[in-house]
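First the structure, in the form of structure tokens, and then the observations on it.
The values are calculated or read from the model by the stated rules, or taken from the named source; none is laboratory data. Quantities reported herein were computed from a predicted structural model and do not represent experimental measurements. In this analysis, Cβ positions are derived from the backbone assuming ideal geometry, glycine residues included, and neighbour counts consider all displayed protein chains.
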Amino acid sequence: MLACAALVPSALLGQRAPTDDVAFARSVAKSVTSGVSTASFHTGSARFDGEWAFGTYLMATLGLGQVVLSHPEERARLLPAMRQSTEQLTQNQTNAFGTEAWGNVGLDTLARGHGHGYLGYANLSLSMLRLLEPDMAQAKLHDELTEALAQRLAEAPHALFETYPGEAYPPDMSMVAGSIALHDCALGLPERSFMPAWRRAFSRYVDPDSGLLYQAADAATGTPIGPPRGSGAAIAAYSLAFADRALSERLYAGLRRQAVNVLGFGMMREYPAGHAGTGDIDSGPVLFGVGVSATGFALAGARLYGDDALFTQLYRTVELFGVPLGDAEGRHFMSGGPLGNAILLAMTTATPEWSRHCQRSGS
Amino acid sequence: MTHQKMFVWCLACVVIDQIGARLLDSIGLVEGLLAPNGARLLLLVPLSFVFYGARLASYFVVPGLLLVVAGAVVVANLRAWRDKCACRQCQRERSLQRTINRASKSPSSGSRKGLCRLAVKPNCAGSAITGSSE
């Protein structure tokens, strides 16, 4: 009995078919085109409901774009859903959570504004679409947003600016940096002059002991706030891969040490040794030290850096608790919901393929 | 628990895993859990507990139990087959003995009688596997 429990589940789960990505992408495309709004979520906080709707469109665009890069034959089918998602991402209604926090509309105050660090996520989505469709309808907005974010990042004294008033998060800055790099890649622009200095300054937010990224910091002093976290390190490892592969890989190496393997099922600890917590809106539930977000986001790093063993272990866990189901469009995870499915699509299809589509040669 | 009951329990776990996934998907597990609606939660929370219990059992317990049940069935059949063979052997020996006895008009040896007594079991007249009469 014990031998069966140890061997059979790990043999049955974690085996992905080559067509899985496409089937999953079709299902997510259908989900986002049928509409996701703040009313789809009930976290108890209007800001978090808004962030989740925002996150669904963001991750759907990234995931769909990555599937198009790996399966160009799906372009005609998936691109309309990407366009619709980026359109939604830039709507005032979808960004209402940021508007409420700052008291102004982030996208309306690009040239003279500051903060609004969450816009880096929307910009990464726009960059992904731009890579596939350089003449996209939102090209002008994308250029303006990228310039505004680049200026704020260049002027940031400690490599980060605020996401919300008084709140700055290094993982959000990794998104900002990734979005700028992917924008420049899509247009064939050289690397920004401030980027090498930014990379060096940003490295201070990587905890030397655990190798994880601090989740929050004081933008004015650059002092980390709270412990380094698995979920932040995992999402930063993904987004920094667009801007600085070496730093991204370094974060993944730290994250790799957080891995837990139970009977072949992989999970990631949210906190490094010596720290503990029950989790928050970023980490999701933390049970026995294992974080849901860290586990899901770590799939991207494992895939990007060819860590097939960990990817398979993590994917087994996703299959066991996510419960994959076939549907009319393809397949989705029963317990994922719109946001969970969009995140899993983006993380399980992460690929360095984008770099082959950069306009500049040799990138 | 008898082997039949074990098998039925395993089957139930697998069926709940397969059908429960579709059911929870159609009634919107995630949306329901996120929505602060008491009545819906009252339905979804127990359903998801039963579903995930059955799913975990399907992967971690059912394979082992099925192996136990299958092993027990194989052992039972092997025993029945062994008994059946012993029974046939015994019948052949008896038949041979009777032939020898008739030919020699002499009493059979005690050792052969002993062998038959050992080999012939209560079910010797029928097979445990097929239930057919010998």
For region A:304-332, which residues satisfy the criterion of being closer than 17 Å to A:VAL28 by Cβ, touching a residue at least 12 places away in the same chain (Cβ under 8 Å) and within 12 Å of chain B (Cβ to nearest Cβ)?
-> A:GLU319, A:GLY322, A:VAL323, A:GLY326, A:ASP327, A:ARG331, A:HIS332
Close pairs (9 angstrom Cβ cut-off, 6 or more residues apart or separate chains): of a type outside the set (A, V, I, L, M) in region B:84-108, surrounded by 10 or more Cβ atoms within 10 Å (Cβ to Cβ) and modelled with pLDDT of 85 or more anywhere | B:SER106/B:ILE100; B:PRO107/B:ASN101; B:SER108/B:ARG94; B:SER108/B:GLN97; B:SER108/B:ARG98; B:SER108/B:ILE100; B:SER108/B:ASN101
Single unsatisfied condition, A:THR223 versus (1) closer than 29 Å to A:GLN258 by Cα; (2) touching a helix residue (DSSP H, G or I) at 6+ places or on another chain (Cβ under 8 Å); (3) not hydrophobic (A, V, I, L, M, F, W, C) = (2)
Some residue of region A:50-66 being more than 13 Å from chain B (Cβ to nearest Cβ) and modelled with pLDDT under 85 | yes
Being hydrophobic (A, V, I, L, M, F, W, C), free of Cβ contacts under 8 Å to residues at least 12 places away in the same chain and over 28 Å from A:GLN66 (Cα atoms) narrows A:VAL262, A:VAL286 down to just A:VAL262
With respect to B:LEU44, is the statement that it is surrounded by 14 or more Cβ atoms within 10 Å (Cβ to Cβ), free of Cβ contacts under 8 Å to residues at least 12 places away in the same chain, out of contact with any His (no Cβ under 7 Å at 6 or more places or on another chain) and under 20 Å from B:CYS13 (Cα atoms) true?
-> no
A:ALA273 fails exactly one of (1) farther than 27 Å from B:ILE19 by Cα; (2) within 17 Å of the chain's Cα centre (by Cα), namely (2)
Determine if region A:233-251 includes at least one residue that is within 14 Å of chain B (Cβ to nearest Cβ) and either aliphatic (A, V, I, L, M) or in contact (Cβ under 8 Å) with a residue 40 or more places away in the chain (or both).
-> no
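Do the conditions hold for B:VAL69, that is, is it over 20 Å from A:MET334 (Cβ atoms), aliphatic (A, V, I, L, M), within 13 Å of chain A (Cβ to nearest Cβ) and surrounded by 17 or more Cβ atoms within 10 Å (Cβ to Cβ)?
For B:VAL69, the condition - over 20 Å from A:MET334 (Cβ atoms), aliphatic (A, V, I, L, M), within 13 Å of chain A (Cβ to nearest Cβ) and surrounded by 17 or more Cβ atoms within 10 Å (Cβ to Cβ) - is met.
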For region A:139-157, enumerate the residues that are part of a loop (DSSP other than H, G, I, E, B) and surrounded by fewer than 19 Cβ atoms within 10 Å (Cβ to Cβ).
-> A:PRO157
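Name every residue in region A:286-306 that is assigned to a loop (DSSP other than H, G, I, E, B) and buried (at least 21 other Cβ atoms within 10 Å of the Cβ), in order of residue number. Break it down into steps so the answer makes sense when it comes.
Here is the first cut: in region A:286-306, the ones assigned to a loop (DSSP other than H, G, I, E, B) are A:288-289, A:305-306.
None - no residue of region A:286-306 is assigned to a loop (DSSP other than H, G, I, E, B) and buried (at least 21 other Cβ atoms within 10 Å of the Cβ), so the list stays empty.
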Being touching a helix residue (DSSP H, G or I) at 6+ places or on another chain (Cβ under 6 Å) and part of a helix (DSSP H, G or I), is that true of even one residue in region A:209-217?
-> no
Answer yes if at least one residue in region B:1-12 is in contact with a Phe, Trp or Tyr (Cβ under 8 Å, 6 or more places away or on another chain), more than 10 Å from chain A (Cβ to nearest Cβ), surrounded by fewer than 18 Cβ atoms within 10 Å (Cβ to Cβ) and in a loop (DSSP other than H, G, I, E, B), and no otherwise.
-> yes
Check on B:LEU23, within 12 Å of chain A (Cβ to nearest Cβ), loosely packed, with under 15 Cβ neighbours inside 10 Å and of a type in the set (A, V, I, L, M, F, W, C) | yes
Return the only residue of A:SER283, A:SER335 being within 14 Å of another protein chain (Cβ to nearest Cβ), assigned to a loop (DSSP other than H, G, I, E, B) and of a type in the set (S, T, N, Q).
-> A:SER335
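Hey, could you check region A:106-131 for residues that are charged (D, E, K, R) and not in a loop (DSSP other than H, G, I, E, B) and say which is nearest to A:ASP184 (Cα to Cα)?
A:ARG130
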Specify which of the listed residues (B:PRO36, B:PRO63) is at pLDDT below 90 and either surrounded by fewer than 13 Cβ atoms within 10 Å (Cβ to Cβ) or part of a helix (DSSP H, G or I) (or both).
-> B:PRO36
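Report yes if A:ASP244 is within 23 Å of A:ALA298 (Cβ to Cβ) and charged (D, E, K, R), otherwise no.
Answer is yes for this residue.
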Within region A:230-269, residues being assigned to a strand (DSSP E or B) and within 23 Å of A:ALA122 (Cβ to Cβ) number 0
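How about region B:1-32: which of its residues are more than 19 Å from A:LEU320 (Cα to Cα) and either aromatic (Phe, Trp, Tyr) or touching a residue at least 12 places away in the same chain (Cβ under 8 Å) (or both)?
B:HIS3, B:MET6, B:PHE7, B:TRP9, B:ILE27, B:GLY32
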